[in-house]
Amino acid sequence: MQLKFRSFMAEALAEAQAAGVRGEVPVGAVVVFSDQIVARAGNRTRELSDPTAHAEVLAIRAACLALGSERLPGHDLYVTLEPCPMCAAAISAVRIGRLYYGASDPKSGGVAQGPRIFTHPQCHHVPEVYDGISAVEAEALLKDFFAARR
């Protein structure tokens, strides 16, 4: 029996939209295990006055807390924007199995852009990476958000 792929990017996009409504940069993330959402989050850096409160970090923290573990092997992470270097390092540290992201981030990305964290020999774990998932929708959220602030 062949397994069917199910994307959870729509859920990550919903988290991004909610972040935008709160005045945060609209980025959302969802941690999934066996086709079940374990945790979800949107950016909260301004709300929490915490520069590390990126959607990915918050979703990873919530998933680890829910599971009582500092590692998430076999879990998938869906995020609407290419993770920054900090988030890429966290993804490696927590041992995410597969990373799916939407829009690329030429300015602050850390996976395919910039420092490319997963290519370094010091990177202890490299997830499978799939990019461009719902990229058009993710890019539109970001462009609309920043256009409204200019």
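A few remarks follow.
- Candidate set: the range 64-79, residues that are free of Cβ contacts under 8 Å to residues at least 60 places away in the same chain and in contact with an Asp or Glu (Cβ under 9 Å, 6 or more places away or on another chain); chosen: the one farthest from PRO26 (Cα to Cα): CYS64
- Odd one out for PHE5, checked against (1) at pLDDT below 95; (2) under 30 Å from ALA147 (Cβ atoms): (2)
- Subset of the range 16-27 (residues that are part of a helix (DSSP H, G or I), surrounded by fewer than 24 Cβ atoms within 10 Å (Cβ to Cβ) and in contact (Cβ under 8 Å) with a residue 60 or more places away in the chain): GLN17, GLY20
- Condition met for ALA53 (hydrophobic (A, V, I, L, M, F, W, C) and part of a helix (DSSP H, G or I)): no
- Scanning the range 104-125 for residues that are of a type in the set (S, T, N, Q) and either crowded, with 19+ Cβ neighbours inside 10 Å or in a loop (DSSP other than H, G, I, E, B) (or both) yields SER104, SER108, GLN113, GLN122.
- Per the conditions (1) in a helix (DSSP H, G or I); (2) of a type in the set (Gly, Ala, Ser); (3) surrounded by fewer than 24 Cβ atoms within 10 Å (Cβ to Cβ); (4) touching a residue at least 60 places away in the same chain (Cβ under 8 Å), the sole criterion not satisfied by ALA12 is (3).
- Residue pairs whose Cβ atoms lie under 8 Å apart, sitting 6 or more positions apart in sequence or on different chains, and linking a residue in the range 80-96 that is closer than 22 Å to GLU139 by Cα to a partner that is of a type in the set (S, T, N, Q) and outside any helix (DSSP H, G or I), are THR80/SER134; GLU82/SER104; GLU82/GLN113; CYS84/SER108; MET86/THR52.
- Of TYR78, TYR130, TYR101, all but one fail to be open to solvent by 70 Å² or more (accessible area, probe 1.4 Å) and under 15 Å from the mean Cα position of the chain (by Cα); the exception is TYR130.
Yes/no per residue for (1) of a type in the set (S, T, N, Q); (2) at pLDDT 95 or above; (3) open to solvent by 40 Å² or more (accessible area, probe 1.4 Å); (4) in a loop (DSSP other than H, G, I, E, B):
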position	(1), (2), (3), (4)
ALA29	no, yes, no, no
ALA39	no, yes, no, no
GLU47	no, yes, yes, no
CYS64	no, yes, no, no
PRO73	no, yes, yes, yes
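- Only a single item in (1) part of a helix (DSSP H, G or I); (2) within 15 Å of the chain's Cα centre (by Cα); (3) of a type outside the set (Val, Ile, Thr) is not met by ALA140, and it is number (2).
The values are calculated or read from the model by the stated rules, or taken from the named source; none is laboratory data. What you see is a predicted model; the values in this text were computed from it and never measured. So basically every Cβ, Gly included, is an ideal-geometry build from the backbone, and we count neighbours across all protein chains shown. Just the protein is used for accessible areas: all its heavy atoms, side chains included, with ligands, DNA and RNA removed. Shrake-Rupley method; radii C 1.70, N 1.55, O 1.52, S 1.80 Å.
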